[in-house]
Amino acid sequence: MKNIVILISGAGSNMAAIVQAAQRQDWAGRHGARVAAVISNRPDAAGLQTAAQAGIATAVVDHKSFATREAFDAALMQAIDAHAPALVALAGFMRVLTPGFVARYAGRIVNIHPSLLPAFPGLHTHQRAIDAGCKLAGATVHRVTAELDHGPILAQAAVPVLPGDTADTLAARVLTQEHLIYPRAIAGLLAGQSTER
């Protein structure tokens, strides 16, 4: 069985979309894959309860308990490795990972970012898109590399920027697309299909 470990920091809506797709599309039967664990760096992350209710193992590695980013990443890797992951999916995981962490899971780690990369890596993507006068915004699923939000693109979805949009209204529309493309991209990877463009 290919184990998927999902990392979250908050509500975990993308995690929930992946879990639902895995169940609905029978990833276990079709791809020999399952969501094995959900790990958060925040003990109060609401997504932990969602995962537990779905019968998925959960763990917390609180970044505030570690003096350095490297020490946190070492503990996080230990928690992840307990599940022998075939794939690590970042789903609203709000920590910048060290090069050593990324190297450990090279080729097995993916992320979703709320912009049409390479535009607007990093934070505050929706406001930045509005401020720049973009007509389109969107989301990108990409492989994780040592350079933040710059790995090879696996899937993208575009969303129009509407007159009067705020960062919040745009974010809500982008999020609905994230919930569609992230599970689809992961299913493609599990099936051995390259969805890279």
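The values are calculated or read from the model by the stated rules, or taken from the named source; none is laboratory data. All values derive from a computational prediction rather than experimental measurement. Neighbour counts run over all protein chains shown; Cβ positions are idealised from the backbone, glycine included.
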Could you check the range 133-151 and list, in sequence order, the residues that are farther than 12 Å from residue 114 by Cβ and touching a helix residue (DSSP H, G or I) at 6+ places or on another chain (Cβ under 7 Å)? 144, 145, 146
Tell me which residues, restricted to the range 23-42, are surrounded by 18 or more Cβ atoms within 10 Å (Cβ to Cβ) and under 15 Å from residue 53 (Cα atoms). 35, 36, 37, 38, 39
If residue 52 satisfies all but one of (1) in a helix (DSSP H, G or I); (2) surrounded by 14 or more Cβ atoms within 10 Å (Cβ to Cβ), what's the number of the condition it fails? (2)
Taking the stated definitions as given, is residue 120 of a type outside the set (Lys, Arg), under 19 Å from residue 61 (Cβ atoms) and in contact with a strand residue (DSSP E or B) (Cβ under 9 Å, 6 or more places away or on another chain)? no
Determine the pairs where a residue that is closer than 17 Å to residue 100 by Cα and in contact (Cβ under 8 Å) with a residue 24 or more places away in the chain, located within the range 53-71, has a partner that is of a type in the set (Ser, Thr, Tyr) and outside any strand (DSSP E or B) with Cβ atoms under 8 Å apart, the partner being 6 or more residues away or on another chain. 69/98; 70/98
Just to verify a result, which residue in the range 152-179, among those that are under 23 Å from residue 105 (Cβ atoms) and in contact with a helix residue (DSSP H, G or I) (Cβ under 9 Å, 6 or more places away or on another chain), is surrounded by the fewest Cβ atoms within 10 Å (Cβ to Cβ)? 156
Step by step: first the residues of the range 172-197, then only those that are small (Gly, Ala, Ser) and out of contact with any strand residue (DSSP E or B) (no Cβ under 9 Å at 6 or more places or on another chain), then the one that is modelled with the highest pLDDT. Which residue is that? 172
Inspect the range 88-98 for any residue being modelled with pLDDT of 95 or more and farther than 17 Å from residue 61 by Cα and give the result as yes or no. no
